[in-house]
Amino acid sequence: MNGSASRAGSRNLLVAGAGIPGLTLALALKRANREAIDVTVCDPGLSAGAARHRGRAFAVAAGPRRMFEQLGLWEMIAPAAEAIRDMAITDSRLADPVRPTFLTFAQDGETTPDGAPFAHMVEAEPLVEALLAASREAGIGFAATGISAASPERDRIRVRLGDGRELTASLVVAADGARSRLREAAGIGWVGWSYPQSGIVATIAHEREHEGRAYEHFLPSGPFATLPLTDRDGRHRSSIVWTERQADVAALLGGEPEDVLAEIERRFGLKLGRLALEDGPSAHPLSFGIARAFRADRLALLGDAAHVIHPVAGQGLNLGLAGAAALAEVMTEALRLGTDPGAPEVLRAYERARRFDTVAMAAATDGLNRLFSNDALPVRLARDFGLGLVERMPGLKRFFIGEASAARGSQPRLLRGEAL
Ligand SMILES: Cc1cc2nc3c(=O)[nH]c(=O)nc-3n(C[C@H](O)[C@H](O)[C@H](O)COP(=O)(O)OP(=O)(O)OC[C@H]3O[C@@H](n4cnc5c(N)ncnc54)[C@H](O)[C@@H]3O)c2cc1C
């Protein structure tokens, strides 16, 4: 990369943050516009490559999966992606001997319009590896350093990198995570709070096959989800996302590995036979937050820099990917018209496209967590009645798996599986 991120005369984008949404935006934009735009991604974490994502896995919804197919990535990711064919939801206490199932999302064709699984569990390391390889091939530049300052000028933004270099760009995208330095420097407000909970993630091996079935047990301390992963070296595996009261995490995870495994077994049960820990556990303090705006002068917020939600529905990354699809689309429209892709009207169109769905999803996941992380009897009875209703209404089920919005024509083209 030289002193300016662009060749003379061409437009250029600088993405701060090589997480999955940042890399996806860079790739989608570059693929659709090639010579019309230079794209550079900078992140101090790039020096560690994809390995820093080892041990994490995400439920990737049908819309983002269609986008990865459209970008030619899915065939690279597919060997590390396990379809969630069925999901059972229970609402019980830890000591309850039986956990009745209130809601199921079977793979019966009513879930996604094309009859495909409503989500896949995808391991983060191979996904990031595929994104990095495709980005290099597309001619995207990389800098293993952070953006330390950015100041907008009339028709560009001036940026200082962590290594002291200065450059300019048509637009900077802040995909630099929940504590976005660029968001703060731009003076964009943040409405948010911390949950008194942590999300514990781990990979476990089990004796029997999961057959593509996920479980979410709503326990009084928070949801405990088991999500199917691909087999590795002949071992059947699942990912767990276990929400616990923050005050209890040290005691639960501080013991010997066999004690930790015993706690997992109490929640997971023995339906898949004996368990073994493969990766983790690691605990992540949980919070909620949404930026008061998704844009400022020559700056767009993407991913957790724009919104952080509870992992109860596994939708945080999916929201970031929807943002990447929307931003790539409005910037591509501007470039094809020969106009400035970092102009205020382009960023306004991005914000309009994402604001409503993001706020709706953030509020729904917050409500879901509050409703279920609660042991009061009237609340339990009301929510179990509610789950029973959802079970009988396919339209509502579609809303819960995030597919209702993807089926609407107003969704970004890439999420509908269409090219930019
Ligand atoms: C327990 C748990 C389970 C989850 N499960 C799911 C799931 O199943 N499905 C789902 O959709 N979502 C899930 N999520 C949400 C998901 O993890 C996040 O939404 C997603 O990882 C956010 O990605 P990001 O790239 O925006 O942010 P981050 O992953 O935080 O990445 C930010 C990047 O920016 C870089 N950076 C920081 N500062 C700078 C700077 N100044 N300049 C340049 N780069 C910088 C960092 O090095 C980092 O690489 C889960 C979250 C938790 C806590």
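What follows is calculated from the coordinates using simple rules that are stated; it is not laboratory data. These numbers were taken from a predicted model, which means no experiment stands behind them. Heads up, the Cβs are rebuilt from the backbone with ideal geometry, glycines too, and the neighbour counts pull from every protein chain shown.
Key figures
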quantity: Cα-only Debye scattering, the range 244-344: base-10 log of I(q)/I(0) at q = 0.14, 0.24 Å⁻¹; calculated: -0.74, -1.25
quantity: Segments 181-192, 197-208 sorted - mean Cβ within 10 Å per residue, highest first; calculated: 197-208, 181-192
quantity: Alpha carbon centroid spacing (whole Å) that separates the range 142-159 from the range 308-375; calculated: 23 Å
quantity: Cβ-based exposure ranking for Trp193, Trp242, in which fewest neighbours within 10 Å come first; calculated: Trp193, Trp242
quantity: Charge dipole (debye, nearest 20) of the range 134-179; +1 at Cβ of Lys and Arg, -1 at Cβ of Asp and Glu; calculated: 80 debye
quantity: Selection from Tyr350, Ala322, Gly273, by position along the positive dipole direction of the range 244-353 (Cβ); calculated: Tyr350
quantity: Least to most buried among Val173, Val60 (fewest other Cβ within 10 Å first); calculated: Val60, Val173
quantity: Computed over the range 169-226, the ratio Rg/Rh where both radii use C-alpha atoms and Rh is Kirkwood; calculated: 1.19
quantity: Descending Cα extents along the principal axes, the range 105-224, whole Å; calculated: 57, 41, 32
quantity: Dipole magnitude (debye, nearest 20) for the range 4-79, charges at Cβ of Lys, Arg, Asp, Glu; calculated: 80 debye
